[in-house]
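No lab work stands behind these numbers, since they all come straight from the coordinates. Predicted, not measured: the structure shown is a model, and the values here were computed from it. Here the Cβ is made from the backbone with ideal geometry for all residues, glycine too, and neighbour counts use every protein chain on show.
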Amino acid sequence: MKSFLEQNVSHESLITLFSQAPVAVSLLIGDDFIIHNANPQMLGLWGRDASVIGRSLFEVLPEIQSQGFVEILNNVYRNGEIFNGNRWPVFLDKYGVSEECFFNFIYAPVYNDDKKIIGVSIVATEVTEQVISERKLKDSEYRFEDLIRNSDYSIAIYRTEDLYVEFANERMLKTWGKDASVLGMKLEAALPELEGQPFIGILKDIFKTGETYAANEDKVDLIVNGTLQTFYYNFSYKPLKNQDGKVYAILNMAVNVTDLVMARKEIQESENKLRDLADSMPQFVWTCDHNGQITYMNNSWYKYTGSTEKDDQTKLVRNMMRPETAEKVDKVWEESIKSTTPFVMEYELQDPHNKDSYRWFLGRAVPNFGENGEVKQWTGTFTDINEFKQLETQKDNFLGIASHELKTPLTSLKLYTQFIKTNLEKSGDQKNADVVKRMDYQIDRLTELINELLDVTKIQKGQMPLNESYFDFDQLVDEVVEEQQMTSRHKMIVSKSSTGTVFADRHRISQVMANLISNAIKYSPDADEVHISTSLEGDQAKFCVRDFGIGIPADKQSKVFDQYYRISESKEHTFPGLGLGLYISSEIIKKTGGKISVSSVEGEGSDFCFRIPKNKN
């Protein structure tokens, strides 16, 4: 091998390639890709020592064979095409540990004097740390954007010294009296009324000083609703810096305190009366530390409960909860603390004036973060929604009674309709028989709507039983598809795997299947096909329906299983229905112990799937 190289590759070339290269370099010879040389940098990237010299690359690094390198090297060696890899992900077994690494590398053919390819040269640099750092930065930016978009504060970001409005949440746009059209504009162009006020100058100075600016109850004149008005804000301008410490943007956070300032000016009394004003709010306001221990309650709470600041309010709230729901509330609250995401939940608290009764409250809490991203405290409220819940119960009772009462005349009406249709057909009056047939179809639609209302009232009251038994899942799919195909022009393409028997409520599962298929038909009016598939995933049976219709916007997909939610193709066109089918289907699947999900691209179609366990645990 040595004599072969001396005859075909110059000694000077090898010295240049292997000795003087500041990067990882290796030379592979022959179609077996024998490692003829590899400098220390390359051996370090591979996680190997010098004993690999003289062996095949794929013998030394067998883990890369399934990662596309066989094809790449063969193409370089056989066709002479140079291959450039940029941030290429590679799984390597380094010193007995499998790691995902990222490389920039070049594979180039090596020629002899006869211009025949005799091997492949490799030049590589590892960029793993850079890629991982960029990933973490991007994840952090996503979380940050989501936080400020949903914040209770007015927030905006201005980029470069020209102060382009890169971001402004809804609260900030409302503060300015503007809409989203100002995004991308210079701040002084978006808010020309700031001319003559100090804010533009302060912001531009921050790009030079790199220091945070904060102010309390500062006056600003803004044009809102077409009128120049005076407002007061607590706000801060915080510089955002890159890794070099250079300011690249400014974060603006503001809280409108105009009402407080004006109230103080009008009544000429400060803290006590302002606090009385806050304490007169119908909501109970509270704060707690990062562990969930309550640190503050407003006076409205103390008046309501008869407790004092000396009492353990965390323990009091816990004791006031209805015992059978307290554990569930604790679980949701603990998850919010762990994930630092907002807490929202409805639950009952004991009425302090009647220990035998409970009132419904909406509990909300949002985390307040420190400069280092840690949760400093939580700010929350309890809102009395007892009257609303009573009205909701009355509504459900009314729907249940009304729906039940409507079923009897509808049943009779359907019988009369079928009787009339039969007589008309016997008398040869097919035209009127067809009219009655259409009327019968509308009765069926009305019956379905009433059944949906009845199902919802049963779900709300926890009175929807499941009559579970073993049944053939595949046979049920065939039956449902056949029934749906009889009334649809869409071609139903079925792809099934043998699922076998499952233990569930056959009627309710068929109801879910039919609902998903009918929805796919309804929301794809311009398509010709609906795809239905089943599969077995572990011990779970999976059923999916894919349509090629209007799709669902990403921000709406989490709502499709909500009660009364309806998908709209446009503001002018809403598809018929009560918005209950997917809600009922979701509740049936959850009650069965399974999961239902949606994946959709707006304008391209949707995939609805559910999974249920084959056997009862």
Want the number for Leu362 to Gln130: 0.36 nm per residue separation, take away the alpha-carbon distance, what's left? 79.0 nm
Quick check on region 32-139: what are the equivalent-ellipsoid semi-axes from the Cα gyration tensor, as sqrt(5λ), descending, whole Å? 26, 17, 12
Dipole in debye (nearest 20) - region 77-118, about Cα centre, beta carbon charges: Lys, Arg +1; Asp, Glu -1: 120
Within straight cross-link reach of Lys496, meaning Cα distance under 19 Å, which aspartates and glutamates are found once same-chain residues fewer than 8 apart are removed? Asp472, Asp474, Asp478, Glu479, Glu482, Glu483, Glu529, Glu537, Asp539, Asp547, Asp607
Of Ile155, Pro198, Thr212, whose Cα points farthest to the positive end of the dipole of region 117-230 (charges on the beta-carbon: +1 Lys, Arg; -1 Asp, Glu; origin at the Cα centre)? Ile155
Would you tally the net charge around Ala180, using a Cβ to Cβ cut-off of less than 14 Å, leaving Ala180 out, and scoring K and R as +1, D and E as -1? +1
Residues Thr209 and Thr308, FRET efficiency given R0 of 45 Å [Cβ-Cβ distance, rounded to 0.05]: 0.40
Quick one: Debye curve from the C-alpha atoms of region 507-547, no solvent, what's log10 I(q)/I(0) at q = 0.20, 0.27 Å⁻¹? -0.65, -0.93
Among 232-243, 47-58, the order from most to least packed when residues are scored by Cβ within 10 Å on average: 232-243, 47-58
Projecting the Cα atoms of Pro22, Trp46, Ser56 onto the charge dipole of region 10-143, where Lys and Arg contribute +1 and Asp and Glu -1 at Cβ, the residue farthest towards the positive end is Pro22
At q = 0.19 Å⁻¹, the log10 of I(q)/I(0) for region 91-156 from a Debye sum over equal Cα scatterers comes to -0.87
May I ask you to list the residues of region 149-178 whose amide nitrogen lies under 14 Å from a point 7 Å from Cα along the Cα→beta-carbon direction of Tyr248? 158-161
Assigning unit charges at the beta carbon (Lys, Arg +1; Asp, Glu -1) and nothing else, what dipole magnitude in debye, to the nearest 20, does region 286-341 show about its Cα centre? 140
Expected unfolding gain across Asn354-Asn112 under the 0.36 nm per residue rule, minus the alpha-carbon gap, is 77.4 nm
